[in-house]
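What follows is a short report on a single structure.
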Amino acid sequence: AGAAMRRAEAKAKAWFAAAKPGDAPDGAAVLSALRELGDDWPTQARPNVTDTGRPVPGVCLGLVMAQGKGAVVTNATQCFPELARFLVAWCAATLPKTRDGAAFPFSSLQVNYNYAAIKHVDKNNLGPSYILSLGEHEGGALWTADQGELACHGAWRLFNGTVEHATTPFTGRERISFIAFTHELYN
């Protein structure tokens, strides 16, 4: 996955080199950069989102809890800072504003590739979270215990990560989902 992540990092860096001040990536640019990974995504041990026991393809950027260390910036963020900055710039530009017009506060961005999360409750999440999926797929909505199904293909949807939720079945070439959330250690 290292070589693939370096290709995505290079694509993000090239986007910034060509961008004008104040520009933000769009969904097409994000897909283009992440398609550099092909099927060679990094994997994460996330036993709360899968019943197979195997690691799932995805990456978390930003703040996480490290055993014995407390709050840390993820290794992926440190190793691929331009890709992290690129994805965060896209999120910041496209996420809905809060009721008072402020930017939605998030400390972490989970990016998932082609798997359907089973019913679970997020760990270390303050609750308010936004999800969006990109790519060539049908289905793949987010089911939540309190709101039912939220169609998130191409549109940010607000949900509470501390309430049970899961991915509905999907088909197609790719489903890349993004979850912007605030880690409980943020403050």
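Taking the helices alone, the chain has a mean residue ellipticity at 222 nm of -7000 deg cm²/dmol, built from -39,500 (n - 2.57) per DSSP H run of at least 4 residues and averaged over all its residues.
Annotation: lysines with alpha-carbon distance below 29 angstrom to residue 11 (same-chain offsets under eight excluded): 20, 97.
Counting Lys and Arg as +1 and Asp and Glu as -1, each charge on the Cβ, what is the dipole of the stretch 58-171 about the Cα centre in debye, to the nearest 20?
Numbers: 7 positive and 8 negative charges, 69 e Å.
With only Lys, Arg, Asp and Glu charged at Cβ, the dipole is about 340 debye.
Given their separation in residues at 0.36 nm each and the Cα-Cα distance between them, residue 35 and residue 120 gain 27.8 nm when the chain is fully extended.
Note on residue 66 and residue 162: their simple-model spin labels are 2.7 nm apart, each label 7 Å out from Cα toward Cβ. In this simple spin-label approximation, residue 103 and residue 75 carry label points 7 Å from Cα along the Cα→Cβ vector, and these lie 2.8 nm apart. With a simple spin-label model that places each label point 7 Å from the Cα along the Cα-to-Cβ direction, the separation between residue 146 and residue 24 comes to 2.5 nm.
Here, each number is a calculation from the coordinates, and none is a lab measurement. All values reported here derive from a predicted model rather than from experimental measurement. All Cβ positions, glycine included, derive from the backbone under ideal geometry; neighbour counts span all protein chains shown.
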